[in-house]
Ligand SMILES: *Cc1c(COP(=O)(O)O)cnc(C)c1O
């Protein structure tokens, strides 16, 4: 494709993008395609001969678009958000255009320096003290990086050299709340601890980690000759946004020399708000911390902010120095390939920079406050409603609810089935999309407010649909 053809198609696409963003609300949030339906319309082999852009784009609209779920629909209330924003999209266009690899300072000096600067901005905006940041692709990877670094610290960096034969390698233990995200289980598997060595600490009625139970588990493991290596605490658990008490877990970890990693993948954006900082109390004890600007801070996927206190421990874990990667400036600069799993790195700092500059911290705070307020309002309405229940205090932008008409005296199983049916009905409208969780045997509908185009009216519409579709449910 020559530059002039590129220019013409790029203009068309930018118009398409602007129309999409302006009109996404008119589309059903979730597509109705059956499994295999999209694949069946695609060729069985890669084309032998190149095709024109018009034909490709026509198929994009005809085959791909009807199979897309619109995560940035204002009626998106499912899972946690993965929001984006126009400035972020523009930056991503530039990143793709530059096509740079940002593994070393030398391979794109501006990319490394911009990443260091925006991560410092972010750390300060979130009240992180004494931590250094690096952008990873996802929270899953950030947590894996933390678990690997904790493993190396606990074995005095011998595991990386001797493997499982290293002194202590077969005695390491990891602790996380029973409500911690599945990425912790995955990381524990991959980092070689073994799932049998992951202790699921019970939770309190408010979904936070039971620190007394953690204390007992650590003591028992020590008595058995095991080595507590890492505690993963969560701020904003996936089911109901429970918050582990970092200020209590931190001193316990410090006393035993245990690596404390804090996963705030979703809720971490709320650290921008002084009135929500109390959830983050104790973060000064954390050895590492992750939150995802790609969830709730208008930076499109992927952009996971990973912060670490002991940069040397991180580098020692990931560094290798093959001759073909040596550059003349290695002694004066930072090479971010040594700060994580991958060698090749995308230029992700650019979109974070565009977003921080376009909205300013005040603009981002205003958005977060709106989302939290609309979630709170909905929580109040549910509590006051005769046939709805708020099942968990509204934390951040998440509302956990169910329908329950007390005059019907339904059994727990019937209530669960009725709420699953209600969720299916509401989602079938195509106007909104919510998901569910099950806690202590109770089926809950989860409604998380966090899209950039979502307004109070959309949250209220979701409530109207819940009320309307609950009529005649049983
Ligand atoms: C979303 C989430 C994750 C996983 O995030 P990815 O970036 O998709 O890997 C991990 N932990 C928590 C608490 C989350 O909310």
- Any chance residue 157 is farther than 30 Å from residue 356 by Cβ and in a loop (DSSP other than H, G, I, E, B): yes
- Query: Can residue 291 be described as in contact with a helix residue (DSSP H, G or I) (Cβ under 9 Å, 6 or more places away or on another chain), surrounded by fewer than 24 Cβ atoms within 10 Å (Cβ to Cβ) and closer than 21 Å to residue 79 by Cα?
  - Reply: no
- Note on the structure: Taking segment 160-178 and keeping only residues that are within 16 Å of the ligand (Cβ to nearest atom) and either closer than 22 Å to residue 294 by Cα or in a loop (DSSP other than H, G, I, E, B) (or both), one is left with 178
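Listed here are the residues, each with its yes/no results for (1) farther than 19 Å from residue 133 by Cβ; (2) modelled with pLDDT of 95 or more.
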site: 325; (1), (2): yes, no
site: 330; (1), (2): yes, no
site: 335; (1), (2): no, no
site: 340; (1), (2): no, yes
site: 349; (1), (2): no, yes
site: 357; (1), (2): no, yes
site: 360; (1), (2): yes, yes
site: 363; (1), (2): yes, yes
- Which strands (runs of 3 or more DSSP E) sit wholly inside segment 367-458 and have at least 2 residues that are surrounded by fewer than 22 Cβ atoms within 10 Å (Cβ to Cβ)? 388-390, 435-439, 442-448
- Message: Restricting to segment 326-342, name every residue that is surrounded by fewer than 19 Cβ atoms within 10 Å (Cβ to Cβ) and within 22 Å of the chain's Cα centre (by Cα).
- Response: 341, 342
- Keeping to segment 179-204, report how many residues are more than 14 Å from the ligand (Cβ to nearest atom), touching a helix residue (DSSP H, G or I) at 6+ places or on another chain (Cβ under 6 Å) and over 16 Å from residue 154 (Cα atoms). 5
- If you go through segment 257-275, how many residues are in contact with a helix residue (DSSP H, G or I) (Cβ under 7 Å, 6 or more places away or on another chain) and either modelled with pLDDT under 95 or more than 16 Å from the ligand (Cβ to nearest atom) (or both)? 3
- Candidates 100, 91 - the one that is assigned to a helix (DSSP H, G or I), over 22 Å from residue 27 (Cα atoms) and either modelled with pLDDT of 95 or more or in contact with a helix residue (DSSP H, G or I) (Cβ under 8 Å, 6 or more places away or on another chain) (or both): 91
- Message: I'm told residue 160 meets every condition in (1) surrounded by fewer than 18 Cβ atoms within 10 Å (Cβ to Cβ); (2) more than 18 Å from residue 286 (Cβ to Cβ); (3) touching a helix residue (DSSP H, G or I) at 6+ places or on another chain (Cβ under 9 Å); (4) modelled with pLDDT of 95 or more except one. Can you identify the failing condition by its number?
- Response: (4)
- Message: Take residue 347 and tell me if it is touching a helix residue (DSSP H, G or I) at 6+ places or on another chain (Cβ under 9 Å), surrounded by fewer than 24 Cβ atoms within 10 Å (Cβ to Cβ) and under 22 Å from residue 93 (Cα atoms).
- Response: yes
- Query: Taking segment 114-141, which residues are more than 16 Å from the ligand (Cβ to nearest atom), out of contact with any helix residue (DSSP H, G or I) (no Cβ under 7 Å at 6 or more places or on another chain) and not in a helix (DSSP H, G or I)?
  - Reply: 130
- Inside segment 247-278, the number of residues satisfying the requirement of being farther than 25 Å from residue 188 by Cβ, touching a residue at least 12 places away in the same chain (Cβ under 8 Å) and surrounded by fewer than 24 Cβ atoms within 10 Å (Cβ to Cβ) is 5
- Message: Can you pull out every residue in segment 280-314 that is in contact with a strand residue (DSSP E or B) (Cβ under 7 Å, 6 or more places away or on another chain) and within 13 Å of the ligand (Cβ to nearest atom)?
- Response: 289, 290, 291, 292, 293, 294, 303, 304, 305, 306
- Message: Would you confirm, using the coordinates I've provided, whether residue 106 is at pLDDT below 95, out of contact with any helix residue (DSSP H, G or I) (no Cβ under 8 Å at 6 or more places or on another chain) and farther than 30 Å from residue 456 by Cα?
- Response: yes
- Message: Just the residues that are within 18 Å of residue 180 (Cβ to Cβ) and either touching a residue at least 60 places away in the same chain (Cβ under 8 Å) or buried (at least 22 other Cβ atoms within 10 Å of the Cβ) (or both), please, taken from segment 137-148.
- Response: 138, 139, 141, 142, 143, 144, 145, 146, 147, 148
- Message: Of all residues being away from the ligand (no atom under 11 Å from the Cβ) and not in a loop (DSSP other than H, G, I, E, B) in segment 225-242, which is farthest from the chain's Cα centre (by Cα)? Just the residue, please.
- Response: 227
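The values are calculated or read from the model by the stated rules, or taken from the named source; none is laboratory data. All values derive from a computational prediction rather than experimental measurement. Glycine gets a Cβ as well: all are built from the backbone with ideal geometry, and neighbour counts include every protein chain shown.
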